[in-house]
1. Name every residue in the range 161-187 that is within 29 Å of Asp128 (Cα to Cα) and either modelled with pLDDT under 95 or touching a Phe, Trp or Tyr at 6+ places or on another chain (Cβ under 7 Å) (or both), in order of residue number.
2. Of all residues in the range 13-60 being surrounded by 18 or more Cβ atoms within 10 Å (Cβ to Cβ) and of a type in the set (Ser, Thr, Tyr), which is farthest from Trp118 (Cα to Cα)?
3. Do you know which of the residues in the range 59-84 that are touching a residue at least 12 places away in the same chain (Cβ under 8 Å) and small (Gly, Ala, Ser) is farthest from Cys47 (Cα to Cα)?
4. For the range 43-71, enumerate the residues that are within 16 Å of the chain's Cα centre (by Cα) and within 13 Å of Asp21 (Cα to Cα).
5. Do you know which residues across the range 124-147 are surrounded by fewer than 18 Cβ atoms within 10 Å (Cβ to Cβ) and either in contact with a Phe, Trp or Tyr (Cβ under 9 Å, 6 or more places away or on another chain) or among the small types (Gly, Ala, Ser) (or both)?
6. If you check every pair at least six apart or on different chains, which have Cβ atoms under 6 Å apart with a residue in the range 138-151 that is modelled with pLDDT of 95 or more first and a residue that is exposed (fewer than 15 other Cβ atoms within 10 Å of the Cβ) second?
7. Which residues, counting only those in the range 95-123, are crowded, with 23+ Cβ neighbours inside 10 Å, among the hydrophobic types (A, V, I, L, M, F, W, C) and either free of Cβ contacts under 8 Å to residues at least 60 places away in the same chain or touching a His at 6+ places or on another chain (Cβ under 9 Å) (or both)?
Amino acid sequence: MMNTVATEHPVLDDSVLIVVDVQGRLARLMHESDAMIRAQSVLVQACRLLEVPVVWAEQLPDKLGATVDELQEPLAGLSPCAKSSFGCMGDANIRGRIEDSGRKQVLLCGIETHVCVWQTAAALLRDDYSVHLICDATSSRSVFNRDVGFRRMERAGVHMSCVEMVLFELMVDAAHPKFRDVTRLLK
């Protein structure tokens, strides 16, 4: 018998994207930061094309700075949520935005894997959300810390994914009306 939880695909009308703390100089210190930020940009743009709501969090922006320039245009028109809690669910405003989306499948990306992303994922799981970690759009300063975060999340029940995988899961079929637009972003 197949484990349907292990094979779950995110679906368009039940998914929300959370972008965690991709800010200032700290974002530049992440392992493979340029590739991570490119992946985040593609993910945000594609989610917006597919009408997946985006929740955008910033950790103490007055101290850590604004979200990196490369994500400003993809996130244009949205407002970041400032937080001091490491996990996004510890902030009432962010929690409210996630709950108000009415969606139970979370696409999760950002920094740092082993701190803010992990604590966000753990709280979402406790609140019965299904969490899909977009691994190529998530990192830490060290590979070791990133990988510890990945392993911890996977053991906790987080679905491990990547940008291309999740976007094709969301579209399901090459006949999707946004297929060409999304695949253009992936090139």
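The values are calculated or read from the model by the stated rules, or taken from the named source; none is laboratory data. Predicted model only: the values in this text are computed from it and were never measured. Here the Cβ is made from the backbone with ideal geometry for all residues, glycine too, and neighbour counts use every protein chain on show.
1. Matches in the range 161-187: Met171 only.
2. Selected residue: Ser41.
3. The residue in question is Ser84.
4. Val55, Trp56, Ala57, Glu58, Gln59, Thr67, Val68, Leu71, listed by residue number.
5. Ser142
6. Pairs that qualify, where the first residue is modelled with pLDDT of 95 or more and the partner is exposed (fewer than 15 other Cβ atoms within 10 Å of the Cβ), are Arg141/Leu29.
7. Val106, Leu107, Leu108, Trp118, Ala121, listed by residue number.
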